[in-house]
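Reviewing the structure listed below.
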Amino acid sequence: QVQLVESGGGLVQAGGSLRLSCAASGGTFSTYTMGWFRQAPGKEREFVAYIIRSGVNTYYADSVKGRFTISRDNAKNTVYLQMNSLKPEDTASYYCAARTRAWGSRSPNEYDYWGQGTQVTVSS
């Protein structure tokens, strides 16, 4: 059973930065596509970014492109989300997810394992 644990969330002012981490255990991390999603109160969970197994290819939601960077360290079984130029509308719970298939997906339904989430709050 794969376990994912997110960390790094918090309260930050608009324009600031945060780096989220997601540590995986119980599986073969290097074989998973990893994704980040977020969910604000009263809204559906939305795609943020994904990174394929090798880390060579990444894909971002338009709303975060140019501000967020997803990366992974397969030796540490960890995926990261560097968030810069944060905006109040980025406020949400952020979740990492693992997909056992090789190609990425923007649909949360295509991911097999989920973390419990970490809260990011951006004040104006």
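Which value, in debye to the nearest 20, describes the size of the charge dipole of segment 16-65 about its Cα centre when Lys and Arg Cβ atoms bear +1, Asp and Glu Cβ atoms bear -1, and nothing else is charged?
On the way: 6 positive and 3 negative charges, 18 e Å.
Its charge dipole is roughly 80 debye.
How far is it, in nm, from the label point at ALA61 to the one at GLU89 when both lie 7 Å from their Cα along the line to the Cβ?
1.1 nm
Restricting to Cα atoms and excluding each atom paired with itself, what does the Kirkwood estimate give for segment 51-98 in Å? Can you show the working numbers first?
Values: mean 1/r = 0.0838 Å⁻¹.
Here the Kirkwood hydrodynamic radius works out to 11.9 Å.
Take each of the peptides 88-94, 99-105, average the number of other beta-carbon atoms within 10 Å over its residues, and list them starting from the highest.
Numbers: 88-94: 17.9, 99-105: 15.0.
Per-residue Cβ counts within 10 Å, averaged per peptide and sorted highest first, yield 88-94, 99-105.
Grab the Cα-Cα distance for SER105 and GLN1, subtract it from 0.36 nm times how many residues apart they are, and report the gain in nm with one decimal. Provide the component values of the computation, followed by the final result.
On the way: separation 104, 0.36 × 104 = 37.44 nm, distance 2.12 nm.
The span from SER105 to GLN1 would gain 35.3 nm if fully extended.
For the chain, what % of the accessible area comes from carbon and sulfur atoms, probe 1.4 Å? Display every interim value, and only then the final one.
Working: 2770 of 6210 Å².
The nonpolar share, carbon plus sulfur, comes to 45 percent.
For LYS43, give me every one of the lysines with a C-alpha distance below 23 angstrom, ignoring sequence neighbours fewer than eight places off in its own chain.
LYS65, LYS87
The values are calculated or read from the model by the stated rules, or taken from the named source; none is laboratory data. Source: prediction; values computed, not measured. All Cβ positions, even for glycine, are placed from backbone atoms using ideal geometry, and neighbour counts span all protein chains on display. Please note that ligands, DNA and RNA were not included when accessible areas were found on the heavy atoms of the full protein model with its side chains. Shrake-Rupley method; radii C 1.70, N 1.55, O 1.52, S 1.80 Å.
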